[in-house]
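**Q** Quick one: the structure is below, questions incoming.
The values are calculated or read from the model by the stated rules, or taken from the named source; none is laboratory data. From a predicted model like this one, the values you see are computed outputs, not experimental measurements. With ideal geometry, Cβ positions are generated from the backbone for all residues, glycine too; neighbour counts draw on all protein chains shown. We work out accessible area using only protein heavy atoms, side chains counted, and drop any ligands, DNA or RNA first. Shrake-Rupley method; radii C 1.70, N 1.55, O 1.52, S 1.80 Å.
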2 protein chains.
Amino acid sequence: MFDVKYDSGVPIYLQIIHLIRQKIVSGEWAPGSRVPGVRDLAIEFGVNPNTMQKALSELEREGLLYSERTAGRFITENTGIIDAARERLAGQVLAEFIKQMAQMGFTRERTIKLVESAFENHAGLSKREENS
Amino acid sequence: MFDVKYDSGVPIYLQIIHLIRQKIVSGEWAPGSRVPGVRDLAIEFGVNPNTMQKALSELEREGLLYSERTAGRFITENTGIIDAARERLAGQVLAEFIKQMAQMGFTRERTIKLVESAFENHAGLSKREENS
DNA sequence: ATTATTGTATTATGTGCTTAATACAATAAT
DNA sequence: ATTATTGTATTAAGCACATAATACAATAAT
């Protein structure tokens, strides 16, 4: 169900953190809602429960998740934290992209053209329609 | 001189491969030109010679570098390989960017605006002025 | 009260990354 | 001819990641 790449060199638990963080900041996983248990998530992602636990602990440390002893784990209701995480993440993704393209010698105009023509195949996948 | 991040979770040798690959596809390291020896490069990047060797071997496998037994290592003169590598790399970087932004709920228009305003701080760093 | 489910912790094993310390072969420089 | 420099290979050690197999504590469900 979730595509964790074992061959990218990036530790799996970091990839999972990134995937879940995006589900939260995109609103696909709504604030306050419960997330599956560690064992179920481990199965869904096809990883060991310990690895999933490691990822969830980190997201908890970031304040995006919190655990209720035996009831399970939930997305934070604090939308401020979520919004901040989205801004921060978007900024990082954007900066990295610009840096890479510039480093490869692509001009601003050419890069924009590429973005314009490449964005078509990704419309309407998220529950968030606008972030202005 | 070169900023290798030890804390990103990405293996150092992969980061080095990426950095050098970009130097080649951007033209900063010209086709046919000699690159420093493994030991010197290791010092410049602040890593172990073995780690640098591992990175260089992979770039050699890709055809971007070749080694002349005792004379040293050189960038390929085959600009076709370099161009192909640049197209491939640019495509990956672009696709990843679009995917991330779309996943976070950013629209095409908002993304383009962000790219437009963010590209200012990176002008004129490369020797390649245009890739059209 | 008992059972099942939750998060959490522990110990062990295997693998890949990184450094370290050498050593060797080939050849350019002297 | 000798020396220095090049790429390359080997062995050992430490560390983080990932899996496996359990176990425990707390509490919701029965």
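**Q** Name the one entry in B:Ala30, B:Ala90 that is on the phi < 0 side of the Ramachandran plot, part of a loop (DSSP other than H, G, I, E, B) and under 17 Å from the mean Cα position of the chain (by Cα).
**A** B:Ala30
**Q** Being more than 10 Å from DNA strand D (Cβ to nearest atom), within 11 Å of chain B (Cβ to nearest Cβ) and surrounded by 15 or more Cβ atoms within 10 Å (Cβ to Cβ): is that true of A:Gln15 here? Walk me through it before giving the result.
**A** Working: more than 10 Å from DNA strand D (Cβ to nearest atom): no; within 11 Å of chain B (Cβ to nearest Cβ): yes; surrounded by 15 or more Cβ atoms within 10 Å (Cβ to Cβ): yes.
In short, no.
**Q** Name the single residue, out of those in segment A:26-40 being touching a strand residue (DSSP E or B) at 6+ places or on another chain (Cβ under 7 Å) and not hydroxyl-bearing (Ser, Thr, Tyr), that is most open to solvent (accessible area, probe 1.4 Å).
**A** Looking at the filtered set, the residue picked out is A:Arg34.
**Q** Continuing with the same structure: From the residues in segment B:60-89 that are in contact (Cβ under 8 Å) with a residue 60 or more places away in the chain and aliphatic (A, V, I, L, M), which one is surrounded by the most Cβ atoms within 10 Å (Cβ to Cβ)?
**A** Within segment B:60-89, the match that is surrounded by the most Cβ atoms within 10 Å (Cβ to Cβ) is B:Ala85.
**Q** Among the listed residues B:Val4, B:Val10, which satisfies the condition of being within 15 Å of DNA strand D (Cβ to nearest atom) and not in a helix (DSSP H, G or I)?
**A** From the options B:Val4, B:Val10, the qualifying one is B:Val10.
**Q** Any idea which residue in segment A:1-12 is nearest to the other protein chains (Cβ to nearest Cβ), counting only those that are away from DNA strand C (no atom under 15 Å from the Cβ) and open to solvent by 50 Å² or more (accessible area, probe 1.4 Å)?
**A** Applying the filter and picking the extreme gives A:Asp3.
**Q** For segment B:24-70, name all the residues that are under 14 Å from B:Ile12 (Cα atoms) and within 14 Å of chain A (Cβ to nearest Cβ).
**A** Residues satisfying the conditions are B:Thr51, B:Lys54, B:Ala55, B:Glu58.
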